[in-house]
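Some notes on the structure that comes next.
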Amino acid sequence: MRYLHTMVRVRNIEESLDFYCHKMGMEEVRRVDHEGGRFTLIFLAAGEDKEAGITSKAPLLELTYNWDPEEYDGGRNFGHLAYEVDDIYATCQKLMDNGVTINRPPRDGRMAFVKSPDGISFELLQKGESQAKQEPWASMKNTGTW
């Protein structure tokens, strides 16, 4: 398993980049607009991690800007921690076998979400290419929130 990023939702890209980049000294290493989902992802690296962040060898801070206005309360602006795993299906099975609820099953062979006992969301991402869809995962429904 490898730690990938922490996601934080932001209300204003310019204000957020001013804080994180100009004031905190982080640097933008990647930006992706998702028109279908109506959001923008901006990945930031600490100054000394910039090169490693570009090559996906250092953890990043993911700023998520939702295009449709939303007020974030109760910690909703904190999104999740993300980890890359060697085998998404084996990881989820092991977690389930140990009593962990799979909130968002890896139906796509790529991504799943679980929560810690304190309600912190963890995104699990398949290392490399997505695996082929498999049952029972492909038919599993979401449980709760993530």
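The values are calculated or read from the model by the stated rules, or taken from the named source; none is laboratory data. Predicted, not measured: the structure shown is a model, and the values here were computed from it. Cβ: placed from backbone, ideal geometry, glycine included. Neighbour counts: every protein chain shown.
Here are the numbers for the structure shown:
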{"quantity": "Matching residues in the stretch 86-120 - criterion: being among the hydrophobic types (A, V, I, L, M, F, W, C) and buried (at least 18 other Cβ atoms within 10 Å of the Cβ)", "calculated": "88, 92, 102, 112, 113, 114"}
{"quantity": "Which listed residue, of 57, 127, is over 26 Å from residue 14 (Cα atoms), out of contact with any Gly (no Cβ under 9 Å at 6 or more places or on another chain) and in the same structural domain as residue 36 (by TED's automatic domain parsing)", "calculated": "57"}
{"quantity": "Failed criterion for residue 59 (all others in (1) surrounded by 18 or more Cβ atoms within 10 Å (Cβ to Cβ); (2) at pLDDT 95 or above hold)", "calculated": "(2)"}
{"quantity": "Selection count where residues are without any contact (Cβ under 8 Å) to a residue 24 or more places away in the chain and part of a strand (DSSP E or B), scope the stretch 28-40", "calculated": "5"}
{"quantity": "Count of the stretch 130-146 residues which are within 17 Å of residue 82 (Cβ to Cβ), at pLDDT 95 or above and either touching a Phe, Trp or Tyr at 6+ places or on another chain (Cβ under 7 Å) or charged (D, E, K, R) (or both)", "calculated": "0"}
{"quantity": "Test: residue in the stretch 71-90 that is closer than 14 Å to residue 9 by Cα and among the aliphatic types (A, V, I, L, M)", "calculated": "yes"}
